[in-house]
Structures are given as structure tokens and as C-alpha cells.
Amino acid sequence: NGLCVVWRQTRRALIEPKRNDDGQRNCVVVDKLLQGPASDSGAIQEGDKLVSIAVRDKTHMTVGISMRELRSMLETLEGGELVALEFQRASELCRNQEVLEQSEKRGTYTARIRVSDERPRTAGMGRRSNSGSRPPTGNRPQP
């Protein structure tokens, strides 16, 4: 994506545990920062939990969404567009679910990032090597 972030869906503690609630929620976290807008911001760290995305004057809560839903949201972003990503540090927790739902009290930070026109290139995403495997089959001329 144009943010140059590799995301991972996981279950992490977002609120302080209570007797009947372990505080864990399905969320999307930063798995890796690639060279680009997100890493250039200097604010985002691997392991940070994505709480919301604000784009085109609309904020989308991301706690509990699937990777498919996130991917759909990110695919609508255009190069040069400004996006506000709200994160919770990996070690931070909200007091309770109500606080998590109130943006002014949840103790998060927002990174404002301009979407890149270029898509990142990463190692291991190019051609696959045949080393150590069977030779390819097909209609190849024989030497």
C-alpha cells in the first residue's frame, strides 16, 4: 500500500483486564515498516496497534476489523492524499472499553501521513528461485 506498512492481524490487550474481560481485542498491528511515508514520519513503531484511520473527513475505527476490511479501506487511498492513522503503543492500555471508544481520552497518538504514489518493493516478493526443487517442466527446447 502507499503507506509502506506491513500489517498483521492479531489479538492484543487494548484495555486493562477486569474480572470478566481479559482486555484483549482483535486488532491490526504494524508488523514491519518499509522505507516510505510511515517510516519517514518517525512516529510509528513496529508493534503499534492501529485504532482508527481518518481520511476524507471520515474516521473509521479499526479495532475488531478484518485484514480484508483494512485492505479495502487502504485500496481507496490515492497518492498524495493525507491520512491520519491513530495508534496505541504496543505497551499501552486504555482503562476500559468506554475510554477506548472516546478518542480524546484513549492515550493514543496520531501520525499524519501523505500516501505515496509508489508502491514499495520488498525482498522475497519478486521471482521465486527453483534452487533445491525439481527442474521446471514444459515445452522447452532441448540443447
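Summary table below
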| item | result |
| --- | --- |
| Spatially proximal aspartates and glutamates relative to Lys32 (Cα-Cα < 16 Å; intrachain offsets below 8 disregarded) | Asp40, Glu46, Asp48 |
| Relative pair counts by distance (%), Cα atoms of the range 1-59, 10 Å bins | 20, 43, 28, 8, 1 |
| Separation in nanometres of the label points that stand 7 Å from Cα toward Cβ, at Lys32 and Arg114 | 2.7 nm |
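None of the figures in this text is laboratory data; all of them are computed from the coordinates on show. Computed from a prediction, not measured in an experiment: that's the story for all the values here. Glycine also receives a Cβ, built like all others from the backbone with ideal geometry; neighbour counts cover every protein chain displayed.
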